[in-house]
């Protein structure tokens with residue numbers, strides 16, 4: 001029990017009081033999952049849950065100035081209860097409130113003070129239907145005219161999509177729009193725009209429409225916004241870096257319009273880490289449910305009777321255990337990236353982008369495999385894995401499409417000099433191919449580092465070769481080398497994760513019982529999944545490759561000795577798991593429940 005507690009604190013080291021208070025508040029009956037409800041009722045429930053949490057005063061956008069990790073803790077903890085609730089909280093306190101804190105000045109303090117207790121609810125309007133990933137091409141305009149800004153959506157392609165919190169009653173929204181002063185485009189800026197009166201009625205000049213039913217995240221009231229010559233005061237401009245005088249004179253401390261845009265969206269770095277934390281929590285909950293179910297679900301044993309837990313099957317172990325090991329190592333890395341983000345490290349944007357992509361991709365895969373390995377019980381909404389799987393897809397494209405984020409990471413890797421890349425101890429062309437056994441932690445890390453160095457080198461060479469053939473960089477990047485681009489970013493992310501996992505193993509010998517089999521399986525799995533790549537380039541001999549496969553099989557078996565204790569160490573309160581598949585299925589089905597945790601009359 002002491003080891004479990006230590007491991008739990010190791011994975012979730014920050015703001016333990018906030019975490020505990022959120023979990024205690026979630027014991028309120030309002031948080032009991034409900035599935036047979038309409039879309040409006042689902043969204044209203046999420047709003048009510050957020051309102052209850054806000055009364056605790058546990059999280060505020062002002063945490064950015066005093067305790068930034070508290071934002072991450074609150075959102076991750078809420079995700080154990082309700083993914084839509086966690087997403088709404090992230091938008092409210094981090095993306096909306098955090099942008100106000102970062103870009104606002106004294107004139108915006110009144111609204112900032114109201115964010116924490118939901119007296120001011122807001123959204124963040126960036127994406128346009130015609131400009132998903134080309135945010136620099138936004139068409140919404142904010143034109144300076146007679147002492148005010150006129151916010152306008154000139155056509156359908158400029159309508160703002162996926163604006164969280166705004167369909168049911170947000171009073172405010174931060175609008176990203178092109179600032180036009182005297183006919184000159186001064187670049188994209190952020191504006192605090194009031195969209196509702198205090199009584200909830202919508203202001204003239206803005207049209208709000210529900211996005212409708214989605215694959216998941218249906219508790220989140222996402223909306224489409226369109227503006228029609230909506231006049232807002234001069235003070236609407238978030239003027240930390242740019243301002244306009246009452247006489248209409250524009251000034252900015254940022255000379256480039258591109259820099260003005262990136263300053264307007266800088267809170268997205270925190271949002272991506274929040275997104276990663278949300279789906280890390282979903283992954284933990286899903287693995288706990290799947291492992292508990294697998295340990296109790298009996299199927300055919302040697303006697304031909306249903307007397308053997310499916311968790312003992314190699315099929316079940318090979319499917320689940322490597323995913324759990326990777327999840328834990330991603331979680332270790334997430335804690336590292338949070339620290340880099342809070343410190344303002346120059347690498348924080350790339351680290352946040354690559355880890356958000358890796359965690360959300362992994363969460364979707366882990367949830368999908370968990371659902372499959374739970375059979376029909378995984379398909380039932382009341383067992384939670386299925387609904388979380390639907391919502392996990394939102395993480396893959398929300399707050400920046402993963403593949404686009406990986407392109408940005410790869411482009412920055414291209415700028416690195418050789419001495420800035422990982423330094424190798426063994427030559428991947430001469431020394432590594434001569435090794436008959438590479439299944440040690442040292443050599444596995446060496447292979448992971450070598451892959452990053454080689455992939456980035458191959459990408460640079462391919463770009464140079466095609467440019468010499470007079471091909472444009474755009475065509476090279478978007479039409480010829482996209483596979484290498486994605487592979488380079490992934491190799492970078494995997495190397496960072498491998499290094500952080502090994503650092504944890506070195507720094508916490510008291511947790512070796514959990515960390516040694518976890519980290520070993522993770523590194524073996526990374527290399528095993530890329531054996532074809534290593535063999536094609538002659539980095540590994542066939543014998544060494546077979547050795548990796550054989551050791552992976554044994555590592556999966558060894559992980560089985562800790563799997564159940566490890567997932568219990570996630571420290572998810574029993575009262576908040578809810579899934580019957582993780583508890584007593586016979587008791588759940590001893591009465592008519594229609595797949596619900598509450599009687600239908602109470603839904």
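The values are calculated or read from the model by the stated rules, or taken from the named source; none is laboratory data. Because the structure is a prediction, the values reported are computed rather than measured. Positions of Cβ are generated from backbone atoms using ideal geometry, with glycine treated the same way; all protein chains shown enter the neighbour counts.
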- request: Among the candidates 45, 83, single out the residue that is modelled with pLDDT of 95 or more, in contact with a helix residue (DSSP H, G or I) (Cβ under 8 Å, 6 or more places away or on another chain), closer than 22 Å to residue 122 by Cβ and surrounded by 24 or more Cβ atoms within 10 Å (Cβ to Cβ).
  value: 83
- line: All conditions in (1) part of a helix (DSSP H, G or I); (2) crowded, with 17+ Cβ neighbours inside 10 Å are true of residue 578 except (1)
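Within region 269-278, is even one residue assigned by TED's automatic domain parsing to the domain that holds residue 352, within 26 Å of the chain's Cα centre (by Cα), under 30 Å from residue 399 (Cβ atoms) and part of a helix (DSSP H, G or I)? Write out each step before concluding.
Let us first name the residues in region 269-278 that are assigned by TED's automatic domain parsing to the domain that holds residue 352, namely none.
No, every residue in region 269-278 fails to be assigned by TED's automatic domain parsing to the domain that holds residue 352, within 26 Å of the chain's Cα centre (by Cα), under 30 Å from residue 399 (Cβ atoms) and part of a helix (DSSP H, G or I).
Among the residues of region 191-208, count how many are touching a strand residue (DSSP E or B) at 6+ places or on another chain (Cβ under 7 Å) and within 18 Å of residue 47 (Cβ to Cβ). Steps first, please.
Taking region 191-208 as the starting set, the residues that turn out to be touching a strand residue (DSSP E or B) at 6+ places or on another chain (Cβ under 7 Å) are 191-196, 202-203, 205-208.
Still in the list and also within 18 Å of residue 47 (Cβ to Cβ): 195-196, 202, 208.
Number of matching residues: 4.
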message: Can you tell me which of (1) part of a loop (DSSP other than H, G, I, E, B); (2) at pLDDT 95 or above is the one residue 133 doesn't meet?
response: (2)
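Select from region 15-31 the residues that are touching a residue at least 40 places away in the same chain (Cβ under 8 Å), crowded, with 18+ Cβ neighbours inside 10 Å and at negative phi and list them in ascending order.
Of all residues in region 15-31, those touching a residue at least 40 places away in the same chain (Cβ under 8 Å) come to 15, 18-19, 22-23, 26-27, 31.
Within this subset, residues satisfying the condition of being crowded, with 18+ Cβ neighbours inside 10 Å are 15, 18-19, 22-23, 26, 31.
18, 19, 22, 23, 26, 31 - these are the residues of region 15-31 that are touching a residue at least 40 places away in the same chain (Cβ under 8 Å), crowded, with 18+ Cβ neighbours inside 10 Å and at negative phi.
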query: How many residues, within region 372-403, are out of contact with any helix residue (DSSP H, G or I) (no Cβ under 8 Å at 6 or more places or on another chain) and either without any contact (Cβ under 8 Å) to a residue 12 or more places away in the chain or part of a helix (DSSP H, G or I) (or both)?
result: 4
- request: Scan region 494-509 and report the pairs whose first residue is farther than 19 Å from residue 358 by Cβ and whose second residue is assigned to a helix (DSSP H, G or I), with Cβ atoms within less than 8 Å and a gap of 6+ or a chain change.
  value: 505/441; 505/512; 505/515; 505/516; 505/519; 508/10; 508/515
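Yes/no matrix, rows are residues, columns are (1) in a loop (DSSP other than H, G, I, E, B); (2) in contact with a strand residue (DSSP E or B) (Cβ under 9 Å, 6 or more places away or on another chain); (3) closer than 21 Å to residue 276 by Cβ:
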site	(1), (2), (3)
7	no, no, yes
27	yes, no, no
30	no, no, no
37	yes, no, no
43	no, yes, no
52	no, no, no
70	no, no, yes
